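The values are calculated or read from the model by the stated rules, or taken from the named source; none is laboratory data. Just so you know, these numbers come straight off a predicted model, no measurement behind them. Ideal geometry is used to build each Cβ from the backbone, glycine not excepted, and the neighbour counts take in all protein chains shown. We work out accessible area using only protein heavy atoms, side chains counted, and drop any ligands, DNA or RNA first. Shrake-Rupley method; radii C 1.70, N 1.55, O 1.52, S 1.80 Å.
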Amino acid sequence: ARLAYGRKHLRDPWKLHFDGDEKWFYTHSNSGKLKLPSGVDKPKKALQSKRFVGKVMMLIVIGKPDPEYGFDGKVGCWRVTGEHVYKRATTYNGVRYEKGDTRRIDVSMDNDKFHEMLKEKVLPALRRKLPHARTLKLQLDNASPHATGR
């Protein structure tokens, strides 16, 4: 099936074809050197545990650059977050939150979150970057949030 698909689209210019995927990024690394300009203080590196390093999930969409329309190939890179509502007053990282206050927190990608980000972030960004396009192809991997149709 893959060979047949490849042969069918061998001469396709792939101009309105986009790839999207999620990627985990670790927020801290114990190894490696940090290069800082002169006069900048070294940032604090505080880990609660070396075994459980924090991660951030990003949704990234790219496409083939099209200089004819001024498209550089970059559609967007969005952090996967959800809204957390505080049930009682608390202090978190030195910031005071009262009951009912909200803040954005990192969440895992599930089916509902994926479709929400697709509607609110990806499709508007594609329309903004390529207003001339009538149809677009967005290719995703076979991860479980993408697999169940809507």
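Looking only at the stretch 121-135, count how many residues are in contact (Cβ under 8 Å) with a residue 24 or more places away in the chain, hydrophobic (A, V, I, L, M, F, W, C) and either in a helix (DSSP H, G or I) or within 12 Å of residue 76 (Cβ to Cβ) (or both).
Residues that pass the stated criteria total 3.
For every residue, the table says whether it meets (1) of a type in the set (Asp, Glu); (2) under 27 Å from residue 28 (Cα atoms).
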position: 54; (1), (2): no, yes
position: 59; (1), (2): no, yes
position: 77; (1), (2): no, yes
position: 97; (1), (2): no, yes
position: 112; (1), (2): yes, no
position: 118; (1), (2): no, no
position: 128; (1), (2): no, no
position: 131; (1), (2): no, no
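Six or more apart or on different chains, Cβ atoms under 8 Å: show the pairs whose first residue is in the stretch 50-68 and open to solvent by 50 Å² or more (accessible area, probe 1.4 Å) and whose second is modelled with pLDDT of 85 or more and in a loop (DSSP other than H, G, I, E, B).
Within 8 Å, the pairs are 62/73; 64/73; 65/72; 65/73.
Kindly provide the set of residues from the stretch 39-90 that are touching a Ser or Thr at 6+ places or on another chain (Cβ under 6 Å) and assigned to a loop (DSSP other than H, G, I, E, B), ordered by number.
54
Output the number of residues of the stretch 91-120 satisfying the condition of being under 17 Å from residue 22 (Cα atoms) and either in a loop (DSSP other than H, G, I, E, B) or open to solvent by less than 80 Å² (accessible area, probe 1.4 Å) (or both).
13
Suppose we filter the stretch 97-147 for residues that are over 19 Å from residue 60 (Cβ atoms) and touching a His at 6+ places or on another chain (Cβ under 7 Å); how many remain?
3
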